[in-house]
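S.K.: The following block contains the structure, expressed as structure tokens.
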Amino acid sequence: VGDRRLVAIVCTHAHNDHVNAAPALAEATGAPVLLHLDDRLLWKHTHPDHEPGGYLSDNQRIQVAGKELQVLHAPGHTPGSICLYAPALGTVFTGDTLFAGGPGATGRSYSHFPTIIRSIRDRVLTLPDTTEVRTGHGENTTVGAEEPHLQEWITRGH
């Protein structure tokens, strides 16, 4: 982050590969770790002796470097998965909810395929087609590139 001030460590969900370093980063920077309350149980699996610094809620607005991020609760990959939509940037950070080519995995504990499909359909694919999708792993994509494939994903299943 260089000379920038880190104001929060926002977790899109609490699977260990996304939160392993969060407490150490919070300690090193003084920034609180924020995640959706519905992922508290998953957080405690990885960090039983640490509490996050706060919880995010659906439609909450976060100010970052003069831009607004809107929290979109998008359960399915985990109960508390969120996406962060930056309308002014034409970007949504989807974590592991949506990748280029389909939904995130639903084979782990606390995940559910019909729920992630509903979240993608109702929360992400309703954004403008030109919205850039920045994923938690892999290549970026756009809402418009992914939307035509929704039925294929449903048919394919998890």
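The values are calculated or read from the model by the stated rules, or taken from the named source; none is laboratory data. The structure displayed is predicted, hence computed values, not measured ones. Counting neighbours? That spans all protein chains shown, and the Cβs are built from the backbone with ideal geometry, glycine included. To get the accessible areas, we keep the full protein, side chains included, count just its heavy atoms, and leave off ligands, DNA and RNA. Shrake-Rupley method; radii C 1.70, N 1.55, O 1.52, S 1.80 Å.
S.K.: With every protein chain kept in place and ligands, DNA and RNA left out, what is the accessible area per residue of the stretch 1-129? Probe 1.4 Å, answer in Å².
M.R.: About 49 Å² of surface per residue is accessible.
S.K.: Taking θ = phi - 60°, what integer Hz values does the Karplus form 6.51 cos²θ - 1.76 cosθ + 1.60 yield along the stretch 40-45, in sequence order, with x for Gly and Pro?
M.R.: Per residue, the Karplus-derived 3J(HN,Hα) values read 4, 4, 5, 4, 5, 4 Hz.
S.K.: What value in Å³ per residue do you get for the convex hull of the alpha-carbon atoms in the chain? Spell out each step's value before the answer.
M.R.: Working: hull volume 16.6 nm³, N = 158.
For the chain, the hull spanned by Cα atoms encloses 105 Å³ per residue.
S.K.: How charged is the neighbourhood of R61? Take every other residue with its Cβ under 12 Å from the Cβ of R61, and add Lys/Arg as +1 and Asp/Glu as -1. Please list the in-between numbers first.
M.R.: Working: positive: K67; negative: D58, E68.
Its environment carries a net charge of -1.
S.K.: If each DSSP helix of 4+ residues adds -39,500 (n - 2.57) and the sum is divided by the residues in the chain, what number results at 222 nm, nearest 500 deg cm²/dmol?
M.R.: Details: 6 runs with 37 residues, N = 158.
Rounded to the nearest 500, it is -5500 deg cm²/dmol.
S.K.: When all protein chains stay in place, what accessible area (Å², nearest 10, 1.4 Å probe) is found for K67?
M.R.: Surface open to solvent at K67 totals about 80 Å².
S.K.: Additional query: Leaving out ligands, DNA and RNA, and with a 1.4 Å probe, what % of the accessible surface on the stretch 1-124 is carbon or sulfur?
M.R.: Values: 3140 of 5960 Å².
Summing carbon and sulfur atoms, their accessible area is 53 percent of the total for the stretch 1-124.
S.K.: Within 13 Å, Cβ to Cβ, of L37, how many net charges do the neighbouring residues add up to if Lys/Arg are +1 and Asp/Glu are -1? List each step's numbers first, then the result.
M.R.: Values: positive: R40, K44; negative: D38, D39, E51, D58.
Result for the neighbourhood of L37: -2.
S.K.: Let me ask something else. Give a residue-ordered list of calculated ³J(HN,Hα) values for the stretch 47-53 (Karplus: 6.51 cos²θ - 1.76 cosθ + 1.60, θ = phi - 60°; whole Hz; x for Gly, Pro).
M.R.: 10, x, 9, 10, 9, x, x
S.K.: So how do E146, E139, E152 rank on accessible area, 1.4 Å probe, biggest first, that is with the largest at the start?
M.R.: Details: E146 10, E139 140, E152 105 Å².
So, going from the largest accessible area down, we get E139, E152, E146.
S.K.: When Lys and Arg each count +1 and Asp and Glu each count -1, what net charge do the other residues less than 15 Å away from E139, Cβ to Cβ, add up to?
M.R.: The answer is -2.
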